[in-house]
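One structure below.
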């Protein structure tokens, strides 16, 4: 609503005077005694003060009239421009728009011309160094295990006295990396490439194993032939979510259906739509293993019945999304790697910027993140402190954003094969590997 020329206020001027004294100091610098009387201010956005005075005189606003008689009713000059956010910002800060810089409901981003709220400034959170003493920051040095593993998972225990975040990544990647590093005391570059490309799903394997344990005793032929075949496949599955896997899509859809039914029963159909805590998947592992009665949705007598319903829903979803031919139900067919370019959707010219999608290996959290998270892998680096010139690095596509450049997607094949290239480090190695030098100089 556009603010009128004058904003009516009901206030106690005496109280305002006392408040001003209480909030300040005497000229001597000594603090004054704070007043016990409080100030109450009423402001009406866009209300005509002339009409308000007339309605009070006519008895149509008796409560407002009473407040004006026991306190003060006054008109305040508005701002230029006379917009509500501008006027209220000046009222709250005591300065004119030239100082608080609010001139309208909306502002424009000068780089995109997209609108944004004029009274709100979105700023990134302050870095935690501003809040946590440096000596108290999480740290580890020369651990007994001889390794440090981080994959955005929780890095402190519940006894850590400072808040870091609630948004820890699922712990599966870190656990899998730790297990692979623990297989032997020393590793070479080939070992690290194998780890970087690993697509074993801890969460998926857990769900498949517990599903077999729960449903196998309930099978009744021939009605359960489809379910029996699925359980047989689950039992033989190596837990790897590679593009060729025919088990991963069924397991993923069953797990998602199971998760949805558990959460809907716990939160309700409306609240569950906004539930976004990805770490619930670790709780789901515990539920499928322990099968506690208080987590079982009321419409199902047993967890076996819940899993059967999840199986039926998974088949319906796969049929709807991928067709009736079950031989095509592969992970790579259901999950594609896509590298959308900002210009790929532009009319006429977009096609040349399009990178065709291709089957994905691994998952970033769909069924519990694997080490290789698929399209989310932006860079791979294997550093060799013994010989820095043997360091390897690769990115998803290439160094250039120009589709006609030879470096537009020259690293894509290596990215798919998890074979990052040698990344020279010393000056001599860099000079030897240099193919082209580009020198930029100021215009003369």
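The values are calculated or read from the model by the stated rules, or taken from the named source; none is laboratory data. Since the model is a prediction, treat every value here as computed from it, not as a measurement. Positions of Cβ are backbone-derived with ideal geometry, glycine not excepted, and every protein chain shown enters the neighbour counts.
Counting only residues that are farther than 16 Å from residue 219 by Cα and surrounded by 15 or more Cβ atoms within 10 Å (Cβ to Cβ), how many does the stretch 298-309 have?
Looking only at the stretch 298-309, we keep the residues that are farther than 16 Å from residue 219 by Cα, and these are 298-301.
Adding the requirement that they be surrounded by 15 or more Cβ atoms within 10 Å (Cβ to Cβ) leaves 300.
So the answer is 1.
Does residue 230 count as within 24 Å of residue 284 (Cβ to Cβ) and in a loop (DSSP other than H, G, I, E, B)?
Details: within 24 Å of residue 284 (Cβ to Cβ): yes; in a loop (DSSP other than H, G, I, E, B): no.
No, not satisfied.
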**Prompt:** Within the stretch 277-296, can one find any residue that is in contact with a helix residue (DSSP H, G or I) (Cβ under 9 Å, 6 or more places away or on another chain), surrounded by fewer than 20 Cβ atoms within 10 Å (Cβ to Cβ) and over 24 Å from residue 171 (Cβ atoms)?
**Reply:** yes
**Asked** Of all the residues that make up the stretch 187-222, how many are within 14 Å of residue 311 (Cα to Cα) and without any contact (Cβ under 8 Å) to a residue 60 or more places away in the chain?
**Response** 4
**Message:** One residue is enough: does the stretch 300-316 have a residue meeting the conditions in a loop (DSSP other than H, G, I, E, B) and in contact with a helix residue (DSSP H, G or I) (Cβ under 8 Å, 6 or more places away or on another chain)?
**Reply:** yes
**Request:** Determine, yes or no, whether residue 381 is within 37 Å of the chain's Cα centre (by Cα), under 22 Å from residue 192 (Cβ atoms), in contact (Cβ under 8 Å) with a residue 24 or more places away in the chain and loosely packed, with under 15 Cβ neighbours inside 10 Å.
**Result:** yes
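Tell me the helices (runs of 4 or more DSSP H) entirely within the stretch 145-219 that contain at least 3 residues that are within 30 Å of residue 302 (Cβ to Cβ) and over 28 Å from the mean Cα position of the chain (by Cα). Before you say what the answer is, go through the steps one by one.
Working: elements: 172-181, 189-196, 202-215.
Those helices (runs of 4 or more DSSP H) span 202-215.
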**Request:** Tell me which of these residue 363 doesn't satisfy, since it passes every other one: (1) within 30 Å of residue 203 (Cβ to Cβ); (2) at pLDDT below 95; (3) not in a loop (DSSP other than H, G, I, E, B).
**Result:** (3)
